[in-house]
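Please treat every number below as a calculation from the coordinates, not as lab data. Note that the coordinates shown come from a computational prediction; the quantities given were computed from them, not determined experimentally. Methodologically, a virtual Cβ is constructed for each residue, glycine included, from the backbone with ideal geometry; neighbour enumeration extends over all protein chains shown.
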Amino acid sequence: MHAVQTIEEITECYNTSGEFDFLIKVYAKDMKAYQHFMLNILGKIDCVGSIHSVFVIDETKNTKKVPIPE
């Protein structure tokens, strides 16, 4: 998925196991920009067969710390 590395709206991309092959984190200024991104950018990539969206409603915790046992 070299294409996602050049797309500014995509900030993170993970190859996953389970129901979906990739998890992509996208930032858009509003829903109109998001719709444009989904239909005209992500949706036009040849290897993208389907798209499933989930939206964050509220952030409960956001940390970059990784607990490492001593």
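Working note: Karplus 6.51/-1.76/1.60 with θ = phi - 60° gives the stretch 7-13 the couplings 8, 4, 5, 8, 9, 8, 8 Hz, where Gly and Pro are set to x.
For the peptides 3-14, 48-59, the ranking by mean Cβ contacts within 10 Å, running from highest to lowest, is 3-14, 48-59.
Dividing the mean sequence gap of close Cα pairs (under 8 Å, 6+ apart) by how many residues the chain holds gives a relative contact order of 18 percent.
Subtracting the Cα-Cα distance of Thr16 and His52 from 0.36 nm times their residue separation leaves 11.6 nm of extension gain.
Helix content alone sets the calculated 222 nm mean residue ellipticity of the chain: runs of n ≥ 4 DSSP H residues at -39500 (n - 2.57) each, divided across all residues, give -2000 deg cm²/dmol. Converting the Cα gyration tensor eigenvalues of the chain into ellipsoid dimensions via √(5λ) gives semi-axes, longest first, of 25, 17, 12 Å. Within the stretch 26-63, the trypsin sites (Lys or Arg not before Pro) that combine a DSSP coil assignment with at most 13 other C-beta atoms in a 10 angstrom radius are Lys29, Lys61.
Charge dipole (Cα centre; +1 on Lys/Arg Cβ, -1 on Asp/Glu Cβ; no other charges) of the chain amounts to roughly 160 debye. In the stretch 2-44, taking the dipole from charged Cβ atoms about the Cα centre, the farthest positive-side position among Phe37, Ser17, Val4 is held by Phe37.
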